[in-house]
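Please read the structure below before turning to the comments.
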Amino acid sequence: RSKALSDEENAQLFGKCNNPHGHGHNYKVVVTVRGEIDPVSGMVLNLTDLKEYMQEAIMEPLDHKNLDKDVPYFAEVVSTTENVAVFIWENLKKLLPMGTLYKVKVYETDQNIVVYKGEETI
């Protein structure tokens, strides 16, 4: 739901996902990194480190939470899957080495998927 819209507008825009009391999803998130492969480790980024970054950036703020009520970011931002992807991107970008975050893919369902690669700059 969007606070900026009327009940009728929310119903028309969000359909069955329009519920004043919220509804839940079990999101699946795939993070893609890129960069030079370290000749010693053979990795772009240590996967143990990536797992810790994902725990801090995704699981701690979002897991088992009502996004609209428990996550301050979504108090003013509609909790669409697109905005969840942006939230995850921004959190991960703060933790990962500069330039290594390439893509965040969020699955709301097997058919509803959002891919976010950050804001393009010209």
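The values are calculated or read from the model by the stated rules, or taken from the named source; none is laboratory data. This is a predicted model, so every value here is computed, not measured. No Cβ is skipped: glycine too gets one built from the backbone with ideal geometry, and neighbour counts run over all protein chains shown. Surface accessibility is based on the protein's heavy atoms, side chains included, excluding ligands, DNA and RNA. Shrake-Rupley method; radii C 1.70, N 1.55, O 1.52, S 1.80 Å.
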In nm, the gap between the two label points placed 7 Å beyond Cα toward Cβ at A4 and K117 is 2.6
Could you calculate the contour length gain from Q55 to L95, that is, 0.36 nm times the residue separation minus the distance between their Cα atoms, to one decimal place in nm?
13.3 nm
How far apart, in nm, are two points set 7 Å out from the Cα along the Cα-to-Cβ line at Y102 and at D38?
1.8
Over the chain: helical MRE at 222 nm, DSSP H runs n ≥ 4 each giving -39500 (n - 2.57), nearest 500:
-8000 deg cm²/dmol
Please grab the % of Cα pairs in the range 25-116 that end up more than 24 Å from each other.
22
Given a 1.4 Å probe and every protein chain left where it sits, what share in percent of the accessible area of the range 15-118 is carbon and sulfur?
51
0 to 90° range, to nearest 10: angle between helix 81-95 axis and the chain longest Cα axis
30
Nonlocal Lys pairs with alpha-carbon distance under 21 Å, the range 10-117 (8 or more apart, or different chains):
26
Averaged per residue, what accessible area in Å² does the range 25-116 show with a 1.4 Å probe, protein chains only?
65
